[in-house]
1. Going through segment 102-159 one residue at a time, which ones are within 15 Å of the ligand (Cβ to nearest atom) and in a loop (DSSP other than H, G, I, E, B)?
2. Spot the failing condition for Leu54; the list is (1) within 26 Å of Ala36 (Cβ to Cβ); (2) hydrophobic (A, V, I, L, M, F, W, C); (3) part of a helix (DSSP H, G or I), and only one is missed.
3. Select from segment 27-42 the residues that are within 16 Å of the chain's Cα centre (by Cα) and without any contact (Cβ under 8 Å) to a residue 60 or more places away in the chain and write down the one among them that is nearest to the ligand (Cβ to nearest atom).
4. Just one of the numbered conditions (1) under 14 Å from Ala140 (Cβ atoms); (2) within 14 Å of the ligand (Cβ to nearest atom); (3) within 19 Å of the chain's Cα centre (by Cα) is not true of Leu79; which one?
5. Out of (1) within 18 Å of the chain's Cα centre (by Cα); (2) within 16 Å of the ligand (Cβ to nearest atom); (3) exposed (fewer than 14 other Cβ atoms within 10 Å of the Cβ); (4) not hydroxyl-bearing (Ser, Thr, Tyr), the odd one out for Glu99 is which?
6. Answer with yes or no whether Ala100 is of a type in the set (Gly, Ala, Ser) and under 15 Å from Leu43 (Cα atoms).
7. Only residues that are exposed (fewer than 15 other Cβ atoms within 10 Å of the Cβ) and over 30 Å from Thr98 (Cβ atoms): list them for segment 135-159, please.
8. Determine the pairs where a residue that is more than 15 Å from the ligand (Cβ to nearest atom), located within segment 43-70, has a partner that is in a helix (DSSP H, G or I) and among the charged types (D, E, K, R) with Cβ atoms under 7 Å apart, the partner being 6 or more residues away or on another chain.
Amino acid sequence: MKQAGTLAACVLLTIAAIAGTPTASAQMDPERAERAAETRQALLRVMVWNFGPLAAMARDRIEFDAERVAINAGRLAALSKMLSDAFAADTRGHDLTTEALDVIWERPDAFAEKIRANMEASEALVAAAATGDEGAMTRAIGELGSTCGSCHDDFRVDD
Ligand code: ASC
């Protein structure tokens, strides 16, 4: 009986190891997970705050302001570099208010590639802003926005 119990425990542990299913308790305490989620949401909120006006300019919804593009582009390039650290905490298995999908931590290379594209596109916008060419800035804003959307397609809960 004791042996059967030990065998059952071994089988379960092996299944858990193969499945690689993270358990909340094995990861981090719930408060840390909640803070991690809040931090990445805050980062993305500040990114949206900086990108929003640029998207509105590119869509001709507000007046184009090259100086504002240059300022916000610089901020976005800095913020983009924080994404990988902000998502480093694997919060799978925690009960959180989040749109982050588990696939972020299941396919870290694919996620890192999305971040790399965002960093590159924000640097390209900084470069476009330095030229003072409105057309170049508008195109670079569109390309930066599409890196946001491309990541959301695969790694964020559908709206
Ligand atoms: C934004 C915003 C996003 C991106 C995305 C572009 O302004 O909040 O998530 O642009 O919509 O595809």
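1. Restricting attention to segment 102-159, the residues satisfying the condition of being within 15 Å of the ligand (Cβ to nearest atom) are 114-115, 117-118, 121-122, 125, 138-159.
Those that are within 15 Å of the ligand (Cβ to nearest atom) and in a loop (DSSP other than H, G, I, E, B): Val157, Asp158, Asp159.
2. (1) is the only condition that Leu54 fails.
3. Gln41
4. Result: Leu79 passes all but (1).
5. Of everything listed in (1) within 18 Å of the chain's Cα centre (by Cα); (2) within 16 Å of the ligand (Cβ to nearest atom); (3) exposed (fewer than 14 other Cβ atoms within 10 Å of the Cβ); (4) not hydroxyl-bearing (Ser, Thr, Tyr), Glu99 misses just condition (3).
6. Values: of a type in the set (Gly, Ala, Ser): yes; under 15 Å from Leu43 (Cα atoms): yes.
Yes; evaluated as a whole, the condition is true for this residue.
7. Listed by number, the list holds a single entry, Gly135.
8. As it stands, the answer is Phe64/Glu134; Ala66/Glu134, since those pairs meet every condition given.
Bear in mind that the values in this text are calculations on the coordinates, not laboratory data. Predicted model, so just to flag it, every value in this text is computed and none were measured. As a convention, Cβ positions derive from the backbone with ideal geometry for all residues, glycine included, and neighbour counts pool all protein chains shown.
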